[in-house]
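Remarks on the structure that follows.
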Amino acid sequence: MTPYALAGGESESRVRGPRLDAGLHPSGRWVFTALLVGGLAYAGYSIATDTANVGEPMAMGVFAFLGLALLIALGFEFVNGFHDTANAVATVIYTHSMPAPLAVVWSGFFNFLGVMLSSGAVAYSIITLLPIDLMLHVGSAGGFAMIFALLLAAILWNLATWAVGLPNSSSHALIGSILGVGLANQLLSSASGVSGVDMAQVRKVLSALLFSPLIGFVGALMLLLVMKRFLKDERLYREPEGNARPPRGIRALLIFTCTAVSFAHGGNDGQKGMGLIMLILIGCAPTAYALNRTLPESAMPAFVRSADVASAAYAAHGTGFALPLDRARAAVVEGVRTKKINTPQVYEGLSTLSHDIGDRIANYGALSRVPAAIVPNLRNDMYLVLDSTRMVTKDEGAKSRFTAAEIDSLNAYAGQLERGTRYIPLWVKVTVALALGLGTMVGWRRIVVTVGERIGKTHLTYGMGASAELMAAATILLAERFGAPVSTTHILSSGVAGASVANGAGLQGRTVRNMALAWVLTLPVAMLLSGSLYWLLLKLVAGLAG
């Protein structure tokens, strides 16, 4: 077998790599095409049905625009699939546990399951990074420019790093793109009420992205040392012999770890596309998607009671002078923008808005019966009060002002608002799952070679692959539980590096430097790309309008 070129142009003839040139069976290509076309047709049919059911049939131009936006969003998940998930299959391919074509199909299927069974928490963790004024006006030119700019920037950087075989993070790219749009929005507009990104949420997200690779490295290193202490089978720590498959038990372990990483990756990364698709749908078809119309009528009395209790709690700490609705809304927006939420004026505004939300829901009886003309304003008020309430319950000054019972009532109210505004239709999950799963089966070879050959100085052993993937799967699943977006690429690559060190293999300096460089550059480059694209798209829209 022809040896693979390693880092620095050196060739390691003793490394017997797996066959990476075998493609899918012709019937597999037909199945791939059928799933791709079927997923897109299902999305189109679902949108047409949902909008017709609420009496909001879409004009052909709006439908075409929505279709383009969805294709770009699904394109991000497709690229994410072949860029990130290649990390999951590298170990089973390089240990000859599974042939490459079967491994990528297997991984794609469990990515699909991971998306379908995900909670949705990560989706809205990503969305809360966006500027509040763009979130409240997502159907405006600025809102659509935001969505297109951040998606295109993330896709461009993912493709650029894939072209040179670097295991870059799609999560980093997307978050950098969001930050770029937020900062550009703040710099380009001089209007009052314009905000940038929520820096508290940025710190939370970046902390998860920063510490998770360290956990992967140290965890995989320690896990392999523990395995060496208690599992004495020397075959776990030696290079695979030729192209022979590993012993049955070891092979089962490696397939299990590949499955776990694939499932965890789908559950975390798939949600990022879901959140962005929901923004697109809210902008193009607010009547159908801005509110959770699937909430049953039986849930509404509790919703209204929660709003009334929260309104009374806010009023107890307000100015004592009721505000008109417009002034109440302006006071809360200003509090969110300036991060000065602990003021009587803001509390009075929240009391007025909460009382109005409760009254409107009580009058209509169910979210499914809210008239089309009312939906955008009601959704914006609910979203604004939700984010404000979350800020209040975390603010130390506010917590010292409110009683424990009042804080509990505000948290319950926030939960009700979340149920009413943050949901993901089944068809969105299915199409994102298909995009991520099918993307796994395309273009995976470049990243697989890097993970399998160019991180450690020796061939990947069974123990190295198992420890790296076990730690990666556990870290990603834990992050998904707490709604934290993390990078499968960085966690697993760091795990392989840690396992290489524990196995005495050492690291290839050039590859590690390149990976570190990609890690450092991703945020600023994605920010620059998305900010520039946002500016260009706004100029384009202004030119067309003029």
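No value in this document is a laboratory result; all are computed from the given coordinates. Here the structure is a predicted model, which is why all the values come from computation and not from measurement. Counting neighbours? That spans all protein chains shown, and the Cβs are built from the backbone with ideal geometry, glycine included.
Here are a few things to note about the model shown:
- Two-site label geometry, LEU214 and ALA252: point separation in nm, points 7 Å out along Cα→Cβ: 3.8 nm
- Only Lys, Arg (+1) and Asp, Glu (-1) charged, at Cβ; the stretch 297-421 dipole about Cα centre in debye: 240 debye
- If you take all other residues with their beta carbon under 13 Å from the beta carbon of ALA260, and give Lys and Arg +1 and Asp and Glu -1, the sum is -2.
- Computed P(r) (all Cα pairs; the stretch 197-324; 10 Å bins; percent): 8, 17, 22, 20, 14, 11, 5, 2, 0
- Surface/4 of the Cα convex hull for the stretch 297-421, nm²: 6.9 nm²
- Packing here is the average count of other Cβ atoms within 10 Å per residue, and on that basis the peptides 47-53, 287-293, 149-155, highest first, run 149-155, 287-293, 47-53.
- Extension reserve of the ALA366-PHE230 stretch, reckoned as 0.36 nm per residue once the Cα distance is removed: 43.0 nm
- Sorting the segments 388-398, 170-180 by their mean number of nearby beta carbons within 10 angstrom, highest to lowest, gives 170-180, 388-398.
- Diffusion constant of the stretch 356-403 at 25 °C, which comes from Stokes-Einstein with the Kirkwood Cα-pair radius and 0.890 mPa s, µm²/s: 199 µm²/s
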